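The values are calculated or read from the model by the stated rules, or taken from the named source; none is laboratory data. The structure presented is a predicted model; accordingly, all values stated were derived computationally and were not measured. We place every Cβ from the backbone using ideal geometry, glycine too, and count neighbours over all the protein chains shown.
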Amino acid sequence: MLLKVSLRIALAMSLSLLVICTMMFGLSYASNPVAGAAMTHLLTGLLWAFSLVSILSLCLLSREAAERQRMITRLQEKAYLDSLTGLNNHGRVLELLENECRRSRQATKPVSVLMLDLDHFKLVNDCFGHPVGDFVLAEIAQILTELCPECAFTGRYGGDEFVLVLADATPLEAISLASRLKTAVNSRKFSFEANSISLSISIGIATSSTFRETSRELITAADTALYEAKKSRDGRTIHHDDVAYVTGRV
């Protein structure tokens, strides 16, 4: 910081000196050509010095701007991303979902929300410790990222709950993705040091039906579906109301 301030001062001083020498050069050349020639050499040196200081100042200012942009990006990531999984955090999920609901209303196309919850995840923390639990959550996030379509986004809603938002996805398309997610999690052995853990997930799905639903309404419907999914193991149950949602252990 001190170097940057010094260079800025030097740049201002060089500019001022350049102006003064230019005025002196005009006066000297008019009265004494020899002195004017010497002043020309001095002025040329000052021009080189001024150019060098200007270039250094521009380089430092550019680097400072780049550092400031990186800092802004890091702050945005901290504000929007979950620190453990790297997925969108709770607030960012609701913000993106509200944007998607607005787009859905304008385009009159459906949007589907999947709420996922790890079954008996508390036992993982109690039996193996929180570091293992954190590892499992990060692995689940990786599975979601790998299987998530390009037109969708994922997030950690809180604890061991995750959210997927699918643009232009019908209930059947959402169920199909949920089935692939279940297969991927069921077939994965979560190995951490000497521990190997098998897990299953419950999924609740909500799909907009009137294109007037808010993000909160869709999240509430998906959460209700998830609650029913965790209670039931008898396949899928489909409900059609203002918000059509699919429940079941898919």
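Tabulated values for the structure
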| quantity | calculated |
| --- | --- |
| Residue within the range 185-196 that is at pLDDT 70 or above, touching a strand residue (DSSP E or B) at 6+ places or on another chain (Cβ under 6 Å), not polar (S, T, N, Q) and not in a loop (DSSP other than H, G, I, E, B) present | yes |
| Any hit, the range 170-186, residues being at positive phi and surrounded by fewer than 23 Cβ atoms within 10 Å (Cβ to Cβ) | no |
| Hey, Ala152 under 26 Å from Phe192 (Cβ atoms), in the same structural domain as Ser200 (by TED's automatic domain parsing) and crowded, with 18+ Cβ neighbours inside 10 Å or not | no |
| Residues of the range 197-223 that turn out to be assigned to a strand (DSSP E or B) and buried (at least 20 other Cβ atoms within 10 Å of the Cβ), as a count | 8 |
| In the range 140-161, the residues that are polar (S, T, N, Q) and in contact (Cβ under 8 Å) with a residue 12 or more places away in the chain | Thr145, Thr154 |
| Whichever residue in the range 130-158 is of a type in the set (Gly, Ala, Ser) and within 21 Å of Asp168 (Cα to Cα) and, among such residues, is nearest to the chain's Cα centre (by Cα) | Gly155 |
| Residue tally, condition assigned to a loop (DSSP other than H, G, I, E, B) and out of contact with any helix residue (DSSP H, G or I) (no Cβ under 6 Å at 6 or more places or on another chain), over the range 85-110 | 5 |
| First in the range 176-200 and over 15 Å from Ala141 (Cα atoms) and assigned by TED's automatic domain parsing to the domain that holds Leu123, second anywhere and at pLDDT below 90 and not in a helix (DSSP H, G or I), Cβ under 7 Å, 6 or more apart | Ser179/Val250 |
| Residues located in the range 111-139, provided they are in contact (Cβ under 8 Å) with a residue 60 or more places away in the chain and in a helix (DSSP H, G or I) | Phe121, Val124, Phe128, Pro131, Val132, Val136 |
